[in-house]
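Okay, structure first, notes after.
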Amino acid sequence: MLMKSEGKVFSRKSTPESSARMVETIYGCKWSLTVYQLLESGINRPGEMVRSVDGLTTKVLNDCLRRNIKFGILERISYNEVPPRVEYKVTQFGIKFIRILDELENLQSEIEDGA
């Protein structure tokens, strides 16, 4: 005869795989955090981004932007103008995600200060 457990049963908590992979990928891209700073300061056009940061190339920026769009952090806005104009903005999800990255940065500072 099996006895029934009287307490609550907890299942093993697993790692949130897709969000963990997203954080790893974005932190692995050394330019993403810089792009977020540029967007926060009102610089939202790719050409202006490249001109604003030493060492940032158009190819690397495009790869970074594409990755952030794929994750839903940034949105690409194309205007039907001549010459064509493209701007980027942070999505609602991106605002939440960047807040998490800010908290990770704060945690890192606490670790470094305590060391």
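Throughout, read-outs are computed from the coordinates displayed, never taken from laboratory work. Treat the numbers as computed from the prediction; the structure is a model and nothing was measured. In this analysis, Cβ positions are derived from the backbone assuming ideal geometry, glycine residues included, and neighbour counts consider all displayed protein chains.
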### Message
Ignoring everything except DSSP H segments at least 4 long, calculate the 222 nm mean residue ellipticity for the chain; use -39,500 (n - 2.57) per segment, divide by total residues, nearest 500.
### Response
-17500 deg cm²/dmol
### Message
For a quick check: sort 87, 112 by the number of other beta carbons within 10 angstrom, fewest at the front.
### Response
112, 87
### Task
Could you list the residues of the range 71-115 with an amide nitrogen less than 20 Å from a label point located 7 Å from the Cα of residue 21 in the Cα-to-C-beta direction?
71-74, 93-94, 97-98, 101
### Summary
Semi-axes a, b, c in Å (a largest) for the range 62-115, each sqrt of 5 times a Cα gyration tensor eigenvalue, come to 33, 11, 9
## Note on the structure
The long-range amide H neighbours of residue 53, using H built 1.01 Å from N in the peptide plane and a cut-off of under 5 Å, are none
### Message
5 Å is the cut-off here: which amide hydrogens, built 1.01 Å from N in the peptide plane, fall below it relative to residue 74, excluding neighbours closer than 5 in sequence?
### Response
69, 91
### Message
Which residues does the label zone of residue 78 cover in the range 34-69, counting backbone N under 19 Å from a point 7 Å along Cα→Cβ?
### Response
44-48, 59, 61-69
### Message
In whole Hz and in residue order, list the ³J(HN,Hα) couplings for the range 75-89 that follow from phi through the Karplus curve 6.51 cos²θ - 1.76 cosθ + 1.60, θ = phi - 60°; x for Gly and Pro.
### Response
10, 9, 10, 9, 9, 7, 10, 10, x, x, 10, 10, 10, 10, 9
### Task
Taking Rg and Dmax of the Cα atoms in Å as the quantity of interest, determine which of [x] 20.1, 79; [y] 17.6, 61; [z] 15.6, 58 was computed from the displayed structure.
[x]
### Task
Starting at the first residue of the range 26-40, write each ³J(HN,Hα) from the Karplus equation 6.51 cos²θ - 1.76 cosθ + 1.60 with θ = phi - 60°, in whole Hz, x for Gly and Pro.
5, 5, x, 8, 5, 9, 4, 5, 5, 4, 4, 5, 4, 4, 5
